[in-house]
Each structure stands twice: as structure tokens, then as C-alpha cells.
1. With each run of n ≥ 4 DSSP H residues scored as -39500 (n - 2.57), what mean residue ellipticity at 222 nm is computed for the chain after dividing by its residue count and rounding to the nearest 500 deg cm²/dmol?
2. Residues with amide H under 5 Å of residue 151's amide H, sequence separation 5 or more or different chain, H placed in the peptide plane at 1.01 Å from N; which?
3. I want to verify a result. In a Gaussian network model of the chain, Cα cutoff 10 Å, which of these has the top mean-square fluctuation: 88, 47, 140?
4. So how exposed is residue 104, as accessible area in Å² (1.4 Å probe, rounded to 10)?
5. Please compute the volume of the convex hull spanned by the alpha-carbon atoms of the chain and report it per residue in Å³.
6. Considering only protein heavy atoms and a probe of 1.4 Å, how much of the accessible area of the chain is carbon and sulfur, as a whole percent?
7. Springs between alpha-carbon atoms under 10 Å, Gaussian network over the chain: tell me which of 51, 110, 76 tops the mean-square fluctuations.
8. Magnitude of the Cβ-charge dipole of the chain, K/R +1 and D/E -1, about the Cα centre, nearest 20 debye?
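The values are calculated or read from the model by the stated rules, or taken from the named source; none is laboratory data. Since this is a predicted model, take the numbers as computed values, not measurements. Here the Cβ positions follow ideal geometry from the backbone for every residue, glycine too, while neighbour counts run over all protein chains shown. Protein only, heavy atoms only, side chains kept; ligands, DNA and RNA dropped before computing areas. Shrake-Rupley method; radii C 1.70, N 1.55, O 1.52, S 1.80 Å.
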Amino acid sequence: PDPGPEAARFELDRWEEILRRDQREPYPELELALSWLRSTAPRSPRTVVVHGDFKPGNVLLDGERIVALLDWELAHLGDPMEDLGWITQPLRTREHLIDGAWEREDLFAHYEQASGRPVDRDAVRWWNVFASFKTAVMQTSGLRSFVEGRCDELYRPTAPVLRALLD
């Protein structure tokens, strides 16, 4: 569905529902983050297709031209700043950014040039925090999968993820 200007709240509701379904214990850090995210959610200026996991590892290039995007299972309609918030989240800097090629300001400049629209840095900051929250929820879901015998690796919200979220 098209979430319209409430894309941030729509995604927050979706990931909170996943958290509530999968969490096996309370995480006060996540409750604090939820409160902040809910009270500061930006309004979206328009609806776009959001990839949901945009990063160098999911991009095929021909020279400097993107020719394909891989790994679409998190795609949805939403805020144009969401993918910028995901790729520039501090938690995954080593995985998402490439020195001298895919750095934060480079990505913002390229986005502005390609789209003709400015990057809303306040909205990107919100989506950065949301990305850390989403990562913690994914780890919570991983823990439930492990406990239920559906996977072999133990995932749970780790101290670095919770610290990044609070920072």
C-alpha cells in the first residue's frame, strides 16, 4: 500500500509489530528508541519504491552506471530518504560505504544530481536511527528462529547494535 506522507510511521508500525511478535524478553533500549522514533517521525514529501537493503553488495555496475539491483525482499513503497538512511547508517559503515567512491556526502551529491531533489539530512538522520532499530528487530527475529529450531545461528540484539541505536 502507498503510505503517503506517513511512510515513516507506517514502517515504524510494521517493524514494531515484528518486534512484538518475536521478542522473548524486554529490551528497554528498543522501547526508548521507539518512543523517540514515534515522536520525531518525518513526513514524506512523496512516495517512491524503496529497495530496503541498498548497499554496494546489492548493486551491479557497468563502469559507474548501475545496471541491476539485487536482493529485493525488503522492497516497499515509502519515503525517498529511507534508502539513504539505510546505506549511511553508522552501524554498517564498513559494509555499506566505500572510501573515495561511496561515502556519505558522495551518495547525497549523486542522489541530488540524479533526482534533481535535495537530500533532507534531518529525515536521513531519522532513517539512520530507524535502520539501527530495524537491525535490532531482525536480530530479535533471529533469536526466535534459533530458539524455535528454524536456524542454527544464535542472533540477538547485540551490545554494539543497541549502543549504535542509542547514539
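1. Using -39500 (n - 2.57) per qualifying helix, the result is -16000 deg cm²/dmol.
2. For residue 151, whose amide H was placed from the backbone, the distant partners under 5 Å are 146.
3. 47
4. Ignoring ligands and nucleic acids, residue 104 comes out at about 80 Å².
5. 127 Å³
6. Carbon and sulfur atoms account for 52 percent of the accessible area of the chain.
7. The residue that fluctuates most here is 110.
8. 360 debye
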